[in-house]
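Taking it in order: structure first as structure tokens, then the write-up.
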Amino acid sequence: MAGSDKLTADGKKFYKELEKLKQLKVHVGYQSGETAVSSDGEPTGADLCEIAVYNELGTETIPSRPFMRDSVDKHADQINAFIKRQKSLFAEGKITAEQMLQAIGVFQKGLVQNEIVDGEFTPNAPSTIKRKGSDRPLIDTGKMRQSVNFVIKKK
């Protein structure tokens, strides 16, 4: 009979979670205010978020090393498949909106960290190699890789 259908408890729960999902978003990357450290473990005073931007986009003296963009561009099929699985779990009521966004954050964080390690970037300049002892960009103290994180925020 039309008009007399009522939502079940599970249906109400689903719509409540759907409303939460509409109000939330996940940000993956770096939070400003975290200080970079030198290879001897001393704080440099430089903001790690700024260093990440300089490396991602490049400057007059630093070539672009797009580890954030490449973590998405190179893995679009993987990301889409992962999100599709998360959406299915959400639709089945097996995870909440926040759990879904946390899973997406952890997944993308891992892709960024892997790109820092495995990405094919312009090698370090001779002066940087002399200072660091390596031609591998983005890897010195491990702070850049370790500091990738995610936050869930309201839209």
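The values are calculated or read from the model by the stated rules, or taken from the named source; none is laboratory data. Note that the coordinates shown come from a computational prediction; the quantities given were computed from them, not determined experimentally. FYI the Cβ positions are ideal-geometry reconstructions off the backbone, even for glycines, and counts take in every protein chain you see. Accessible surface areas use protein heavy atoms only, side chains included; no ligands, DNA or RNA. Shrake-Rupley method; radii C 1.70, N 1.55, O 1.52, S 1.80 Å.
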Scan of the chain for GluC sites (Glu not before Pro) in DSSP loops with at most 11 other beta-carbon atoms within 10 Å gives a longest site-free stretch of 1-59
For a 26 Å ceiling on Cα separation, which of these pairs sit above it: Lys12/Lys154; Lys12/Lys153; Lys84/Lys143; Lys20/Lys74; Lys22/Lys94; Lys12/Lys109?
Lys84/Lys143; Lys20/Lys74; Lys12/Lys109
Region 101-155 to region 14-47: how many Å between their Cα centroids?
14
Using only the alpha carbons of region 99-155, determine the length spanned along each of the three principal axes and report them from longest to shortest in whole angstroms.
45, 17, 17
Could you check how much of the accessible area of the chain is carbon and sulfur, as a whole percent, using a 1.4 Å probe?
53
Let me have the relative contact order for the chain, percent, based on Cα pairs under 8 Å that are six or more residues apart.
32
Here the convex hull volume per residue of the chain, taken over Cα atoms and given in Å³, is 139
With the other protein chains left in place, how much accessible area per residue, in square angstrom, belongs to the chain at a 1.4 angstrom probe?
65
GNM on the chain, Cα springs under 10 Å; top mean-square fluctuation among Leu138, Leu57, Leu48 goes to Leu57
Over the chain: helical MRE at 222 nm, DSSP H runs n ≥ 4 each giving -39500 (n - 2.57), nearest 500:
-16000 deg cm²/dmol
Net lengthening on full extension, Thr8/Ala46 (0.36 nm per residue, minus Cα-Cα)
8.2 nm
Ranked by GNM mean-square fluctuation in the chain (Cα springs under 10 Å), the top entry among Gly93, Gly41, Gly105 is Gly41
Thr96-Val53 FRET efficiency (beta carbon distance; Förster radius 41 Å; 0.05 resolution)
0.80
Testing the spin-label approximation: label points 7 Å from Cα along Cα→Cβ at Asp73 and Thr61. State their distance in nm.
2.6
Please report, in whole Å, how far the alpha carbons of region 7-70 spread along each principal axis, starting with the longest.
60, 25, 15
